[in-house]
Amino acid sequence: MRFPILPSAVLATLLALPTVSPAAPQKDGWPFGATTAFEKRDLFNLGPLGAKASDEINGEPERGATGRRSVQLDPGAGGPDVGPERLKIEILFPGGPAATAGLQVGDVLIGAGGKKFNKGSFEPLADGIVKAMSDTSDGVLKLQIERDGKKENLEVTLPAMGKAFSKPTTDKGRAPVIERSLAWLAERQRPDGGFPETLGGATGAVVATSVAGLAWIAGGSNLENGPHAGNLATAWKFVVENAGKQGPLPKGDANWNQENWAWVHAGIFLGELYAQSPNDDLESGLETVKDGILRGVETTGGFGHGPGGPNALGYVELNIMTGLALSGLGMCQRAGLEVDEDIVKSMMEYIDASSSGGGVGYSTNDGQVGQGNIGRSAITWLGYRNLGLGKSKMGKSLGSYVKGNVDAYMDGHASLMQHILFAGVAAQAQGGGAEKSYWSAIERDMILAMGPDGSFQPRPWAESISMASNSDVSFGDVWTTACWSIVLACKPDKEGTSGLPVWLAK
């Protein structure tokens, strides 16, 4: 089934959250080249070089052209994900490694680390970055560029991450990356505990705060200990106070309520925090969040973006939300709160009716049954485990699907970062072959997502190019950085970090 592509304002609303608040002006265009969510550019991030580029051969997706295009919802719509052979530099991080080395906007990157981009840019660029940054001192990455039609060589000096970074997805290799990203998030947290509203007003801020809070917990902090104990103390209070607050909604017949996104993410965050730092106030807040999640369940057992009837596309349920709700309720139950078993049963029946072979479909609507992808299936499997149902028939079927598709995060829909996040958490909950498959597939993308400042940046992918709109770009780099931080830190490691044992059901 093919879905129409709407103007980006409507699309972003349906993907996640309803309104847009202006962002602060960005110096020299970094990171997205614009100041509001719908003007942001969807560019390839070149790792910690501090540069973003477009595809010089095929051009940059034309913003505002979404009404003339359509996109396949089914998995596998994109071709080989190897990256453009010619990367045109569009934005530079002020004072970053690339700018310092003399790279200029308009240059075309055609090779790195002694390898030309004849078969795509992603692998050789990521390999060159890893080799340079795993040097014992600041490493040099040699770039091949074209400037004004002439080929030139350029040397970029990258900061040293130590020899362990030669295997960047191992515990020791990713430890310094996690530390930098968590500090970056802390620097951007507002005094009230939340984050700037980029997409969706208060609802979007609650989602961003919840994933940032999970990242700080995974990195080893709780309310009593760790470098980000203070950040967590204000974050959880912000979440409880603002979940369910959306402000004025657009007028019209369509339902623009999106509050379920806030409640389900809040449930996972507060449930994990309560397990590590139980107290009466936090328990009361978690009870409020549990009630908010339960208010969102439809008579079918599924969940929509929010209560109130069909949205602007005329449908209600979407199973990425149902899976998140299962996980949120499971976290509440593991904290000792009572969860209505009949409601959980209806949710499971809805999931089962929309799914096939362990792959969770979009919904039970015509043409949306059985179209499994890793994001929906992984978060649903985690929800089953959080509720103690991992060994049920459906739980086992979900687990098998996740194990066989954990590296298929590019086949998702709406937010690539969601699929990277849920697949990564599920892979590490499974361990063994699933975990190895995930890290083997994702390492390149993790390296290229890194920014020079400790952030992680989103990237174009098959759907965002087709739609000329990228929801991860609209959400902003707090969302992307927090999600990557969770993926990197969620599993307890040999260095003693706590990870997210409740969400992983360890």
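Where helices (runs of 4 or more DSSP H) fall entirely within region 415-506, those with at least 1 residues that are touching a helix residue (DSSP H, G or I) at 6+ places or on another chain (Cβ under 8 Å), among the basic types (Lys, Arg) and touching a residue at least 12 places away in the same chain (Cβ under 8 Å) are at 432-449. Tell me yes or no: at least one residue of region 401-408 is touching a strand residue (DSSP E or B) at 6+ places or on another chain (Cβ under 8 Å) and more than 30 Å from residue 160 (Cβ to Cβ). Yes, region 401-408 contains at least one residue that is touching a strand residue (DSSP E or B) at 6+ places or on another chain (Cβ under 8 Å) and more than 30 Å from residue 160 (Cβ to Cβ).
Residue by residue through region 144-165, note down the ones that are in a helix (DSSP H, G or I) and either open to solvent by less than 70 Å² (accessible area, probe 1.4 Å) or under 15 Å from residue 112 (Cβ atoms) (or both). Matches in region 144-165: 164, 165.
Yes/no matrix, rows are residues, columns are (1) open to solvent by 10 Å² or more (accessible area, probe 1.4 Å); (2) aromatic (Phe, Trp, Tyr); (3) within 23 Å of residue 29 (Cα to Cα):
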site: 88; (1), (2), (3): yes, no, yes
site: 98; (1), (2), (3): no, no, yes
site: 107; (1), (2), (3): no, no, yes
site: 124; (1), (2), (3): yes, no, no
site: 135; (1), (2), (3): yes, no, no
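Scan region 469-500 for residues that are closer than 16 Å to residue 213 by Cβ, open to solvent by 10 Å² or more (accessible area, probe 1.4 Å) and of a type in the set (S, T, N, Q) and the total you get is 2. Screening residue 141 on (1) assigned to a helix (DSSP H, G or I); (2) buried (at least 20 other Cβ atoms within 10 Å of the Cβ) shows it passes everything except condition (1). Taking the residues in region 209-264 that are among the polar types (S, T, N, Q) and open to solvent by less than 10 Å² (accessible area, probe 1.4 Å) as candidates, determine which candidate is farthest from residue 329 (Cα to Cα). Only one residue fits best here, namely 221. Working carefully through the options 134, 181, 166, find the one that is in contact with a strand residue (DSSP E or B) (Cβ under 9 Å, 6 or more places away or on another chain) and closer than 30 Å to residue 498 by Cα. The unique qualifying residue is 181. Taking the criterion of being on the phi > 0 side of the Ramachandran plot and open to solvent by 10 Å² or more (accessible area, probe 1.4 Å), the residues of region 349-397 that qualify are 357, 367, 370, 388. A residue that is in contact with a Gly (Cβ under 6 Å, 6 or more places away or on another chain) and in a helix (DSSP H, G or I) cannot be found anywhere in region 355-372.
At least 2 residues being under 30 Å from residue 361 (Cα atoms) and at pLDDT below 50 is the threshold, and among the strands (runs of 3 or more DSSP E) wholly inside region 7-109 those reaching it are 70-72. Comparison of 419, 413 shows that the only residue that is at pLDDT below 95, under 14 Å from the mean Cα position of the chain (by Cα) and either farther than 17 Å from residue 43 by Cα or of a type outside the set (Val, Ile, Thr) (or both) is 413.
The set of residues from region 398-412 being open to solvent by 20 Å² or more (accessible area, probe 1.4 Å) and not in a helix (DSSP H, G or I) comprises 407, 408.
Using the structure shown, decide if residue 415 is small (Gly, Ala, Ser) and surrounded by fewer than 24 Cβ atoms within 10 Å (Cβ to Cβ). Here the answer is no, as residue 415 does not meet what is asked. Can you tell me which of 419, 413 is closer than 21 Å to residue 214 by Cα and of a type outside the set (Gly, Ala, Ser)? Matching residue, one of 419, 413: 419. Among the residues of region 362-369, none qualifies, meaning not one is of a type in the set (A, V, I, L, M, F, W, C) and under 30 Å from residue 276 (Cβ atoms). Please work out if residue 445 is at pLDDT 95 or above, out of contact with any Cys (no Cβ under 7 Å at 6 or more places or on another chain), acidic (Asp, Glu) and under 20 Å from residue 406 (Cα atoms). It is true that residue 445 is at pLDDT 95 or above, out of contact with any Cys (no Cβ under 7 Å at 6 or more places or on another chain), acidic (Asp, Glu) and under 20 Å from residue 406 (Cα atoms).
In this structure, residue 135 qualifies as over 23 Å from residue 58 (Cβ atoms), assigned to a loop (DSSP other than H, G, I, E, B) and not polar (S, T, N, Q). When the residues of region 172-200 are filtered to those that are among the acidic types (Asp, Glu) and in contact (Cβ under 8 Å) with a residue 24 or more places away in the chain, the one that is farthest from residue 328 (Cα to Cα) is 179.
The values are calculated or read from the model by the stated rules, or taken from the named source; none is laboratory data. Here the structure is a predicted model, which means the values were calculated and not measured. With ideal geometry, Cβ positions are generated from the backbone for all residues, glycine too; neighbour counts draw on all protein chains shown. Protein only, heavy atoms only, side chains kept; ligands, DNA and RNA dropped before computing areas. Shrake-Rupley method; radii C 1.70, N 1.55, O 1.52, S 1.80 Å.
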